[in-house]
1. Provide the FRET efficiency to the nearest 0.05 for the Phe526-Glu335 pair, computing r from the beta carbons and using R0 = 22 Å.
2. Using only the alpha-carbon atoms, what does region 304-408 span along each of its principal axes? Please give whole angstrom values in decreasing order.
3. Between Leu190 and Arg270, what is the label-point separation in nm under the 7 Å Cα-to-beta-carbon projection?
4. Expected output is a single nm value to one decimal: the length gained when fully extending between Gln282 and Ile442, i.e. 0.36 nm times separation in residues minus the C-alpha distance. What is it?
5. Search the structure for amide H atoms under 5 Å from the amide H of Gln282, placed 1.01 Å from N in the peptide plane, and list their residues when 5 or more places away or on another chain.
6. FRET efficiency for Tyr381 and Gln262, Cβ-Cβ distance as r, R0 = 30 Å, nearest 0.05?
7. Round to a whole number: what % of the accessible area of region 282-331 belongs to carbon and sulfur, probe 1.4 Å?
8. What is the gain in length, in nm to one decimal, between Ile160 and Arg320 on full extension, counting 0.36 nm per residue of separation less the C-alpha to C-alpha distance?
Amino acid sequence: MELVAFTALMLGCLGVASAIYVYVKSKVQIVAVLRCLGMRANQAIGIYLIQVAGFGLFGAILGSLLGFVLHMYLPSVVKDFVPIEIVPTPYWPAVFIGIVLGIIISLLFGLLSLISLRKISPMAAIRMGFETGKFQFDRWLVPILGGVVLFIFLSVYWQIGSALDALIFSGILIGTILLLFSIGKGMSWLTRKLVPASLPYVWRQGFSNLYRPNNQTVILITTLGLGTAFLATLYFMQDLLIERVSLAEKGERPNTILFDIQNDQKDELRELTEDYDLPVMQEVPIVTMRLLEVNGYNKDDAWNDSTFNVPNWAYNREYRVTYREELIDSETLVEGEWNGTLDDPQDSIFISMSQGFAENLELEIGDELLFNVQGALITTYVGSFREVDWRRVQTNFIVLFPAGVLEQAPQFHVLVTRIDKSDLSARYQQAVVRSYPNVSIIDLELILKTLEEVLAKVAFVIRFMAFFSIGTGLIVMISSIILSKFQRVRENVLLRTLGASKHQLWAITVAEYFFLGALGAISGIFLAALFSSLLGTYVFEFPFVPDPVKMVIIFVAVAGISVVIGLLNSRDVLRQSPLEVLRNEA
């Protein structure tokens with residue numbers, strides 16, 4: 001949820017920055033005229049800063065009211081989808097914080113563009129924007145950028161509560177923005193150098209728009225790339241989180257477990273189960289033991305030695321382990337080697353550990369572990385690490401011994417089966433209880449159904465929050481493209497005046513916006529895959545596997561939206577006469 005909230009906040013900041021950037025671009029001539037009349041540059045900034053603050057206040061109030069309405073009425077709409085009862089109550093400090101944040105974001109991110117008004121000379125009033133495409137450094141830009149960086153850091157810290165993580169996250173975000181900015185600048189320069197003269201005129205004209213004065217390459221690639229990165233990351237993480245809160249193998253999973261089966265009962269119980277035409281999905285022995293030493297350190301040594309990182313609970317808990325020759329389908333060997341049989345009793349015993357448990361104990365391949373198996377001491381060595389899918393409804397084990405070690409140890413067995421019919425389940429359980437009263441039976445069907453319902457509701461909440469932010473991001477990206485309309489009005493009018501046909505203008509627009517959308521989408525998808533891998537590995541501790549189909553869908557969607565909105569922006573120029581368009585712009 002913190003990821004979704006922060007993504008929504010950053011998308012809002014991105015939308016404010018891009019909107020004010022284009023708004024300021026459209027006011028250059030007005031500021032130049034005011035400068036001719038004697039107005040100082042700082043006064044011009046003050047005028048538009050007041051406007052931006054007013055926009056921010058009005059937008060923040062509307063947003064806070066919308067959030068308040070959603071907070072009060074959304075729980076009643078989704079009450080059937082969430083696992084707990086939610087009683088909404090007004091929380092006015094949150095409304096106040098939302099309004100203040102809206103104003104701060106508007107002023108802070110608006111100043112990034114407004115500061116450029118200081119460099120507009122009175123001569124710009126007669127030069128028709130010739131100077132407006134040139135970037136000029138301003139000494140006030142440094143403290144403004146410092147304020148933006150501090151705001152991002154405090155926003156991240158507010159969400160996750162860790163200064164170190166907030167610093168890392170902020171650094172990655174700022175680095176991403178700089179990378180996208182550099183890609184935009186680089187592509188503008190490369191296009192100027194590499195566009196071949198042999199291209200058809202309309203395509204050459206469209207690509208040339210990427211570096212001509214008033215080009216929108218940098219702002220749109222940065223906006224589209226960052227927006228795509230945020231949205232694709234949310235899209236990928238949504239699937240990753242939903243996978244975490246779902247049970248594997250819903251169709252064929254077991255639903256009945258028998259345990260406390262003694263050695264002399266296991267064969268008879270297997271036969272009884274098969275007599276009822278039920279599958280024996282698992283039959284495993286379980287041996288109980290305790291951990292006495294890790295690399296020669298017992299519990300007291302670990303307590304007295306602050307450099308030894310094995311926690312006390314590792315010695316206090318009881319381990320239920322099994323032995324077998326092969327790994328099962330819920331286990332994957334990730335490090336070391338697994339030898340499932342101990343041929344010589346004098347050989348060293350190499351066991352396999354669950355990867356997550358081994359990381360908690362900071363174990364490495366070759367570490368020595370001494371176990372107490374109900375009075376018998378067994379020295380073992382870590383031979384391999386396994387990744388275990390704990391979501392499966394079956395017996396999984398932290399510690400796995402090879403065959404040939406624990407066969408004579410005190411043990412009991414567990415049998416796992418699946419029963420599809422309730423009447424068959426009742427008859428089978430009655431037969432087991434009559435013949436083997438010591439055996440305990442757990443019917444998991446009702447538990448699994450209840451758990452599935454709860455997890456489905458949690459998945460719905462995750463999807464809702466993710467798609468809410470995705471919708472916000474799409475609005476921001478579309479707004480950025482719509483606001484870029486004013487950058488190309490004069491160029492399109494000039495081409496119409498020189499005799500360009502509507503078909504040629506359509507083709508020029510398609511070429512320009514397709515390239516911008518495609519490059520922004522590719523950059524954003526690459527960054528999203530990188531972010532998802534980092535989040536999956538270090539935050540959710542779950543591997544992220546990129547899905548090429550979803551990446552293609554995102555690419556087509558972003559590039560398509562860019563082209564469609566770009567064409568819709570140009571429809572006024574294409575449908576009206578050049579003189580009428582210029583009068584409207586005036």
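1. Numbers: r = 29 Å, r/R0 = 1.32.
That pair, Phe526 with Glu335, gives E of 0.15.
2. Ordered largest first, region 304-408 gives principal extents of 39, 35, 24 Å.
3. 6.4 nm
4. Values: separation 160, 0.36 × 160 = 57.60 nm, distance 1.45 nm.
Length gained, Gln282 through Ile442: 56.1 nm.
5. Val416
6. So, using R0 = 30 Å, E works out to roughly 0.45.
7. Values: 1170 of 2710 Å².
For region 282-331, the apolar C and S fraction of the accessible surface comes to 43 percent.
8. Values: separation 160, 0.36 × 160 = 57.60 nm, distance 3.62 nm.
Difference between extended and current length: 54.0 nm.
The values are calculated or read from the model by the stated rules, or taken from the named source; none is laboratory data. Predicted model only: the values in this text are computed from it and were never measured. Positions of Cβ are generated from backbone atoms using ideal geometry, with glycine treated the same way; all protein chains shown enter the neighbour counts. Each accessible area value is taken on the protein alone, full model and side chains, heavy atoms only, with ligands, DNA and RNA left out. Shrake-Rupley method; radii C 1.70, N 1.55, O 1.52, S 1.80 Å.
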